[in-house]
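Asks: Below: one structure in structure tokens.
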Amino acid sequence: MYDGQHDLPIDEFTAEFYWLSNFSPAPIDYEGELYMTVENAFQAAKTSDHRARALIRDCGPDEAKMRGLHVPLRPDWEQCRVAVMEDLLDAKFAIPALRRRLIATGDRPIINRNVFGDTFWGLCRDQGRNELGEAIMRVRNRIQAR
Ligand SMILES: Nc1nc(O)c(N)c(N[C@@H]2O[C@H](COP(=O)(O)O)[C@@H](O)[C@H]2O)n1
């Protein structure tokens, strides 16, 4: 039966779609260390400083986001950050329960709409690249193609 939603964009990573947020629980391995969310792993990936990584690993995702602002950035970060994000999302959506949820979104556009001005990873006031949403959709495409 048509549920009226199959082609509607998912455009907020809140409430029933909070699991799409990088801040939602998703234990993943990054370079041999366990991180409890994509956000923690992503912020740690910005740096090769082991002490900074450890501090980012052992806190919540909001704190990790803050701590990631102050790490010594690896020199190639601008060039590799989208690929790093996509690798972490591959790991997140390899978790069976999350993979099932992602598959259930079918072909719905996924848009990281936000109010905090992030026009790289999302859309703010209808402006932006939505790199996070695009990366999640590429992960979904790969899963669906298997
Ligand atoms: N909660 C939150 N506040 C902001 O101000 C943000 N820009 C975001 N975006 C998320 O932050 C991650 C990327 O971090 P960098 O800006 O590259 O350091 C990514 O998870 C975005 O979705 N979130």
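Asks: Of the heavy-atom accessible surface of the stretch 5-145 (probe 1.4 angstrom), what whole percent is carbon and sulfur?
Replies: Roughly 54 percent of what the probe reaches on the stretch 5-145 is carbon or sulfur.
Asks: Which whole-number percent gives the relative contact order of the chain, counting Cα pairs below 8 Å spaced six or more residues apart?
Replies: Contact order relative to length: 22 percent.
Asks: With every protein chain left in place, what is the accessible area per residue of the chain in square angstrom, probe 1.4 Å?
Replies: Dividing the accessible area of the chain by its residue count gives 57 Å².
Asks: Further, regarding this structure: Sticking with the crude label model, points 7 Å out along Cα→Cβ, report the distance from THR14 to LEU34 in nm, one decimal please.
Replies: Roughly 3.2 nm, to one decimal.
Asks: Let me ask you something else. What does the highest-first list of 97-110, 5-18, 130-143 look like by mean Cβ count within 10 Å?
Replies: Final packing ranking: 130-143, 97-110, 5-18.
Asks: Restricting things to Cα coordinates, could you compute the convex hull volume per residue of the chain in Å³?
Replies: Once divided by residue count, the hull of the chain is 121 Å³.
Asks: Here's a follow-up. Taking the radius of gyration and the Kirkwood hydrodynamic radius from Cα positions alone, what is the Rg/Rh ratio for the stretch 59-145, to two decimal places?
Replies: Rounded to two decimals, Rg/Rh equals 0.99.
Asks: Describe numerically, in nm with one decimal, the distance between label points set 7 Å from Cα along Cα→Cβ at PHE23 and at HIS6.
Replies: Output for this residue pair reads 3.3 nm.
The values are calculated or read from the model by the stated rules, or taken from the named source; none is laboratory data. Here the structure is a predicted model, which is why all the values come from computation and not from measurement. Cβ atoms come from the backbone with ideal geometry, glycine included; neighbour counts cover every protein chain shown. We work out accessible area using only protein heavy atoms, side chains counted, and drop any ligands, DNA or RNA first. Shrake-Rupley method; radii C 1.70, N 1.55, O 1.52, S 1.80 Å.
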